[in-house]
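The block underneath contains the structure these notes are about, expressed in C-alpha cells.
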Amino acid sequence: MGHRRMRLRIAPLISSLVFAHAVFAPMNADAVRIKDIGVIEGVRENQLIGYGLVVGLDSTGDRVIGGQFTIQAMMSMLNKMGVNLVIDPIQLLTRNIASVMVTAKLPPFSKPGMTLDAVVSSMANAKSLQGGTLLLTPLKAANQQVFAVAQGPVSIGGFLGGTGGAGGATVAKNHQAAGVVPSGAIIEKELLVNIDSWETVSVLLRHPDFTTAIHTAEAIEGTFGKGSAVAVNAGYVRATIPVAFQGRVVEYIASIEGLDVTVDAVAKVVVNERTGTVVLGEHVRISTCAISHGNLTISVKNTLNVSQPSAPVVGNAAGQTTVTPDVQTEVKEQESRLIVVDETVTLGEVVQALNAVGVTPRDLVAILSALKSAGALQANLEII
C-alpha cells in the first residue's frame, strides 16, 4: 500500500516536469514547433455570415437602380418596428442607406458575451460606407443557427471627400465599399467542444509530408514514450493521451505544441509571371547545364514630315500642304554568351549560378521553365 501511494504522488510531479520541459526547452536551430506546422483536429474556427443595413451615410449609399433589395429590406425593418408605410417605396431610398453582407469568424472555445470583429461589404452600388452605422444583424453559421449579432459604426480606414472645385472632383483614399466594425459582433451562442472526454489528440499538418509526419510522431514519442504517437498518413498524426494527463487535456495539447520538429518538404520553385516574383525552396538543385539568354528589342519611331508648298503664281493653282510619315524601325539584340552552370548543392549556390547569368526576374521565369523542360531543374515548378 505504501508503494502505491508513493506512485500516486510521483505521477503528477512527472507530468508537470514533462510539461515544463516541452514548453520551456530550448528550440533547435533547424526545428520548428508543432503548433507552427499543424493544428489540433476539432479545434477550428467557424464562418459566420449575415445580411444587414448600414445607415447614416452622407448621400453615398445605394441608388434606386440596382438597389431594389435595399428598399425591400428597409420596408421590412420599418414594418417590424411598427412603422406602416403608405408611400411609394421608391421614395424611401434616400441614398443614406446601403445593403451589406456581414462576415465574422467564430473562434473555438468562445463563450457568450465575447466580441468579434465584423467585416462589412457593400452589396449594391453604394459609393462609400464612410460614417455609416451597421444596424443589428444576426450572424448565422452554415446550419442556419444564429451564433452572434453585429452592430456599430463602420470603420473603412480611409475617406471620400470633395475638393471644392467647380468641376465637382472628389478625392478617395483606400477602398470605400468595405469596412470593419471592431469588436462589433457579440457572441450569443457557444459552440461546444468537449476536449475533456478525448482519449487521443490528432495533429493535422498544414503541409502534408510523410517525412514531417514521421518526425512529428517521433518527437511526441521521445517525450511521452514509445508507442504514444503514430503517423497515420502524410498529414495526420494521432497521439494517445497518457494516464498522467487524463482530465488535463489542455496541458497535454500545450506540451505537444511546444515540441520541436525538423520539417521536410519537396523542392519547389514558385513563379508569379504577373509580377515577376520567383521564390525558391531550400532543396532546389540544378544539374550541370549551359545557359544562353538574350533580349530582342524592337523600336519603332514614327516622324511626321510636313510639306509646305511654295507661294502660288498668278494663273496657276495653289499647292496643298501634305503630311508624310517617316517610319524608322530599329532592331537591337542583346549580345549573349553561353554560360556553363555547374551542379549545385546548396540554395546559395543556386542563387549564385542564376545571378551569374545576369537576367531580370522576368527573364528568370523563362530560364527556369527552360531548365525544367531540359530536366536540369531538380524541383517542382509551380506557376501562379
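Checked against the criterion of being among the acidic types (Asp, Glu) and modelled with pLDDT of 90 or more, the candidates GLU218, GLU282 yield just one match: GLU218. On inspection, VAL340 fails the criterion of being assigned by TED's automatic domain parsing to the domain that holds ILE291, modelled with pLDDT under 80 and closer than 12 Å to ARG285 by Cα. The strands (runs of 3 or more DSSP E) found entirely in segment 107-162 that carry 1 or more residues being more than 26 Å from the chain's Cα centre (by Cα) and within 12 Å of ILE186 (Cα to Cα) are 133-140, 146-153. Residue selection: VAL269 fails the criterion of being at pLDDT 70 or above, within 25 Å of HIS207 (Cβ to Cβ), in contact with a Gly (Cβ under 8 Å, 6 or more places away or on another chain) and not in a strand (DSSP E or B).
The values are calculated or read from the model by the stated rules, or taken from the named source; none is laboratory data. Here the structure is a predicted model, which is why all the values come from computation and not from measurement. All Cβ positions, even for glycine, are placed from backbone atoms using ideal geometry, and neighbour counts span all protein chains on display.
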